[in-house]
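Okay, so here's the structure we're looking at.
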Amino acid sequence: MFALQQRIGNGLASGELTPNEAQNLLAKLENIRREYTVLRERRTTAEEWDPLLGRLDDLEREVNRVRAQPSRIDETRIEDRMIALQRRIDEGITAGRLTRIQGREFQLRLDAIRREFLQRIKDRPFTPEERADISTRLDSFERDINRVW
C-alpha cells in the first residue's frame with residue numbers, strides 16, 4: 001500500500017495526475033487501508049481477504065490507467081494564459097493603450113486561438129504537439145500585445 005501511495009504522489013509531482021485525481025485515489029487507498037487494519041486485528045479466512053485484495057488490485061490498475069492518460073493540467077495552463085491575455089486586451093481598450101481597431105484585431109486573433117484549442121480538446125486528449133502549437137501561437141500573440149503596450 002505504501003508503494004501505491006508513493007506512485008500516486010509521484011504522479012502528482014510529475015503532472016501525470018491532477019490534484020483532484022490524486023486526492024480521489026488517495027481517499028480510495030485510505031478506505032482500503034482502514035479495512036486492512038480491521039481484518040489484520042482479528043482472525044480471518046482467505047475468503048475475507050479476497051475482496052480487499054481485489055479492491056487493492058483494482059486501485060493499482062486505476063492508478064496505472066490514470067497516470068498513462070495525458071494530463072489536463074497543460075490545458076488548464078493554456079486556459080489561464082488565454083484568460084490573462086483577454087484581460088490585457090480589455091484593460092488596454094479601457095485604459096486607451098489600444099485603439100478600438102487594435103483591440104478588435106487582437107480579440108479576433110485570441111478568439112481564433114481559443115476556438116481551435118477548444119475544438120482540439122473537445123473529444124480526445126490534448127497531444128504534446130497540439131499543446132506546443134497553441135503555446136507557440138499564444139507566445140507570438142503575447143509578444144505582439146507587449147509591443148503595442
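Read-outs: derived from the displayed coordinates by stated rules, not from any lab. These numbers come from a predicted model, not from an experiment. Every residue, glycine among them, receives a Cβ derived from its backbone with ideal geometry; neighbour counts consider all protein chains shown.
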Checklist entry - Can you tell which of 127, 99, 94 is closer than 26 Å to residue 13 by Cβ and among the hydroxyl-bearing types (Ser, Thr, Tyr)? => result 127
Checklist outcome for this item: Over region 27-60, the set of residues surrounded by fewer than 15 Cβ atoms within 10 Å (Cβ to Cβ), touching a helix residue (DSSP H, G or I) at 6+ places or on another chain (Cβ under 7 Å) and closer than 30 Å to residue 125 by Cα is none
Next on the checklist: Every residue in region 94-113 that is within 30 Å of residue 16 (Cα to Cα) and surrounded by 17 or more Cβ atoms within 10 Å (Cβ to Cβ), please.
Outcome noted: 110, 113
Checklist entry - Picking from 130, 105, which residue would you name as being in contact with a Lys or Arg (Cβ under 7 Å, 6 or more places away or on another chain), assigned to a helix (DSSP H, G or I) and either more than 30 Å from residue 68 (Cβ to Cβ) or free of Cβ contacts under 8 Å to residues at least 24 places away in the same chain (or both)? => result 130
Checklist entry - Does residue 91 qualify as being surrounded by fewer than 17 Cβ atoms within 10 Å (Cβ to Cβ), in a helix (DSSP H, G or I) and touching a residue at least 12 places away in the same chain (Cβ under 8 Å)? => result no
Checklist entry - Just checking, which of 91, 130 is more than 19 Å from the chain's Cα centre (by Cα) and charged (D, E, K, R)? => result 91
Item to check | Check on residue 4, touching a helix residue (DSSP H, G or I) at 6+ places or on another chain (Cβ under 9 Å), more than 28 Å from residue 123 (Cβ to Cβ) and surrounded by 12 or more Cβ atoms within 10 Å (Cβ to Cβ) | outcome: yes
